[in-house]
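Written below as structure tokens is the structure these notes are about.
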Amino acid sequence: MVTTLRFLQFSDVHLDSRLTGSQLAWSPEKREQRRREITELVGKACRLAREHKVEALFIPGDLWDDETISAETVARVLEAFASLDPIPVFIAPGNHDFCSPTSFYSDEVLRARGMRPWPKNVIVFRTAEFTTVRHPAHPEVTVTGRAFVRNVSLEERLLSAPIPRPSAPMSVLLFHGSWIEYTGRDRFEEGKLLTAPFSRAELLAQGFSYAALGHYHHYAEITDDQGRVRAAYTGCLAGRYLSEAGPHYALLGEIGEHGLLAMEKIRVDERTIHDVEVDVTGVETESGLRERILGRLREHGATASDIVFLRVQGRLPRGLRPAFVLDDLQREYFHLALADRTRPAYDLDAADPRTVQGRFIQEMRRRIAATSDPRERALLERALYYGLDALVHGTVEPIYEE
Ligand SMILES: [Mn+2]
């Protein structure tokens, strides 16, 4: 009888996702390259699973994006999983790779497209109800899971009542849903579904040895009162959006009867998204600007293979713009997008109320101070600088927009 089980867990790969509508402003070529890279990560993760001789692969959902997933990508995933045979791969489809009769989780769909069926070592939980199976090589280990069958927000508290299952020395749950106490950066992201919500208390009361969680995109773990890890989100396998800045992992772990005995977070993707703010106040030349920004990026740990979102703020001499050094910066990194929030270094405090300019500054600052609406404040602030450009220099360019 086993007393431990070694596994590799990853989820939320979102294969073939569009990567459009992002502040990272990918070009079509970069989007295509990034999609290909992310597909390759599944094969890389499977190689890791073999190298580390795991006894199971756990994928708690959002392996792909249903609207855009291609047959070609699915074919590669099927090959990667088949190469793990006899190591079982357990999949609990999430809201983005929901399991429907017309999805790629259907062997009929695969057959109709002339593709191989799901490999026999892959166990997909295909129903919205919880199902429990036994590990093919270790029958004393049960694995419980369910599927999303469409991409909708599920309000039901699926973990509030005990999930019926046979008793076993070791039990694993694969679950895709929203841990309500999660505080990661993607928690309140626009468009992020709150779905199949559950609390720490509800999950722990189920009494599983360990739960592999999917849906949120940053690593998070749930510990019991003894401090043992009883559940973990690995987060997405690779960053695609600004809300996914920072490192991402697959989780190599070993489960005992009451939680994880050991775990290692393994970085599979070679790229990291960096969300970096730099203040350029005091810089007076283009080369000074480049050095200030590159210094800040190095400090942040950004390397040539990384993806950078750069927020530049502060006061610059009028006529000096971060966009002037953009090409130089972009050459240093795989991808770099710039958000310019700098303003000209007008001395607002020296406003002389006897001049039109001075009265304009005073009146605009009074209005800025009086509003509590951040959007109105941003608008008034932009109006202040456009007005000063006009009054002081006689020319206005639309440069203070987001
Ligand atoms: Mn999801």
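Inspect all residues belonging to segment 317-336 and state whether any of them is in a loop (DSSP other than H, G, I, E, B), without any contact (Cβ under 8 Å) to a residue 40 or more places away in the chain and over 26 Å from A390 (Cβ atoms). Quick ask: steps written out before the conclusion?
Going through segment 317-336, the residues in a loop (DSSP other than H, G, I, E, B) turn out to be 317-321, 333-334.
When the remaining residues are screened for being without any contact (Cβ under 8 Å) to a residue 40 or more places away in the chain, the result is 317, 319-320, 333.
Going one step further and asking which of them are over 26 Å from A390 (Cβ atoms), we end up with 333.
The answer is yes, given that some residue of segment 317-336 is in a loop (DSSP other than H, G, I, E, B), without any contact (Cβ under 8 Å) to a residue 40 or more places away in the chain and over 26 Å from A390 (Cβ atoms).
Tell me, which residue of segment 273-286 that is open to solvent by less than 60 Å² (accessible area, probe 1.4 Å) and touching a Gly at 6+ places or on another chain (Cβ under 7 Å) is nearest to A49 (Cα to Cα)?
That would be I273.
Please determine, by comparing only the residues of segment 314-340 that are exposed (fewer than 14 other Cβ atoms within 10 Å of the Cβ) and not acidic (D, E), which one is farthest from E286 (Cα to Cα).
Among residues in segment 314-340 that are exposed (fewer than 14 other Cβ atoms within 10 Å of the Cβ) and not acidic (D, E), the one farthest from E286 (Cα to Cα) is R331.
I'm told E156 meets every condition in (1) within 23 Å of G191 (Cβ to Cβ); (2) out of contact with any Asp or Glu (no Cβ under 9 Å at 6 or more places or on another chain); (3) within 15 Å of the ligand (Cβ to nearest atom) except one. Can you identify the failing condition by its number?
(3)
Tell me, which strands (runs of 3 or more DSSP E) wholly within segment 165-270 include 1 or more residues that are closer than 19 Å to P60 by Cβ, open to solvent by less than 40 Å² (accessible area, probe 1.4 Å) and without any contact (Cβ under 8 Å) to a residue 60 or more places away in the chain?
Values: elements: 170-176, 210-214, 220-223, 229-233, 250-256, 259-266.
Per the criteria, 170-176, 210-214, 220-223, 229-233, 259-266.
Given the condition in contact (Cβ under 8 Å) with a residue 12 or more places away in the chain, assigned to a loop (DSSP other than H, G, I, E, B) and open to solvent by 20 Å² or more (accessible area, probe 1.4 Å), answer yes or no: does some residue in segment 377-392 qualify?
no
The values are calculated or read from the model by the stated rules, or taken from the named source; none is laboratory data. None of these values were measured; they are calculated from a predicted model. Note that we place each Cβ from the backbone using ideal geometry, even for glycine, and neighbour counts take in every protein chain shown. We work out accessible area using only protein heavy atoms, side chains counted, and drop any ligands, DNA or RNA first. Shrake-Rupley method; radii C 1.70, N 1.55, O 1.52, S 1.80 Å.
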